[in-house]
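Enquirer: Shown below is the structure under consideration.
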Amino acid sequence: SLLSIENKPLQGFNLALLASLDLTPMVRLRFLPGLSFQDRGMVYRFRAEDGTVETEDKRTESVYLEFPLMLKLRTRRLGNFAPYALVGVKYGRDMQSQSDVNQAFDKDLIIKLKPGDSSMDLGAGADFFLPFFKFSVELKTAFGFNNVLIQDDSIYSSAIRQLRTRAFVISFCFEG
């Protein structure tokens, strides 16, 4: 009776620390350990016995402890402005994972996700040099490497072959 599944984009929040190592004047290795609060949403449409269409929203909440390692490739400073590109990898561990929940004892089935996730991050940004600190704005996208869906043959997971992380992130960085 499943008619369709639709991804429902949801917002999240990320808080991280920044450690940077200058490899050359224009290349920096960055380590940004932090917490990421993420929600994922799926909209399921089922055909009821009377022929009507019923919609059901399923939402998973995750709190990831993330360990990104990034290369920052910056141009020369143009006055108080310097654009840059970012490339790197990230490993995250879901501290709120419900991967071991027994669905047989729960009337409200959930979409179970694996606790570990890794991705490649690509992005660009700009440094703004202000009198007392440096302010940066970054736009990044994350492409997950592995399938995070746990197939438990429930009506919510059996129709999905794989589920990978795809994220778009806007970051604001303040450096003293």
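The values are calculated or read from the model by the stated rules, or taken from the named source; none is laboratory data. Source: prediction; values computed, not measured. Note: accessible area is taken over every heavy atom of the protein model, side chains too, but ligands, DNA and RNA are not part of it. Shrake-Rupley method; radii C 1.70, N 1.55, O 1.52, S 1.80 Å.
Enquirer: Rounded to the nearest whole Å², what accessible area per residue is found for the chain with the 1.4 Å probe?
Expert: Counting only protein heavy atoms, the per-residue value for the chain is 62 Å².
Enquirer: Report the gain in length on full extension from residue 109 to residue 170: 0.36 nm times residue separation, minus Cα-Cα distance, nm rounded to one decimal.
Expert: Working it through step by step, the gained length comes to 18.7 nm.
Enquirer: Per residue of region 14-30, what does 6.51 cos²θ - 1.76 cosθ + 1.60 with θ = phi - 60° give for ³J(HN,Hα)? Whole Hz please, x for Gly and Pro, Karplus curve as stated.
Expert: So the Karplus estimates, Gly and Pro as x, are 9, 10, 9, 9, 10, 10, 10, 10, 6, 7, 9, x, 10, 10, 10, 9, 10 Hz.
Enquirer: Could you give each residue of region 63-69 its phi-based ³J(HN,Hα) in whole Hz, using Karplus coefficients 6.51, -1.76, 1.60 with θ = phi - 60°, and x for Gly or Pro?
Expert: So the J values, rounded to whole Hz, are 10, 9, 9, 10, 10, x, 10.
Enquirer: Continuing with this model, one more query. Just need the relative contact order of the chain here, percent rounded to a whole number, with Cα pairs under 8 Å and 6+ apart.
Expert: That works out to 15 percent.
Enquirer: Then there is this: Given a 1.4 Å probe and heavy atoms of the protein chains only, how would you sort 158, 4, largest accessible area at the top?
Expert: My answer, sorted largest first, is 158, 4.
Enquirer: Same structure, new question: Report the Cα centroid-to-centroid distance between region 70-97 and region 7-62 in angstrom, as an integer.
Expert: Here the answer is 18 Å between Cα centres.
Enquirer: Leaving ligands, DNA and RNA out of it, report the carbon-plus-sulfur percent of the accessible area of the chain at a 1.4 Å probe.
Expert: 60
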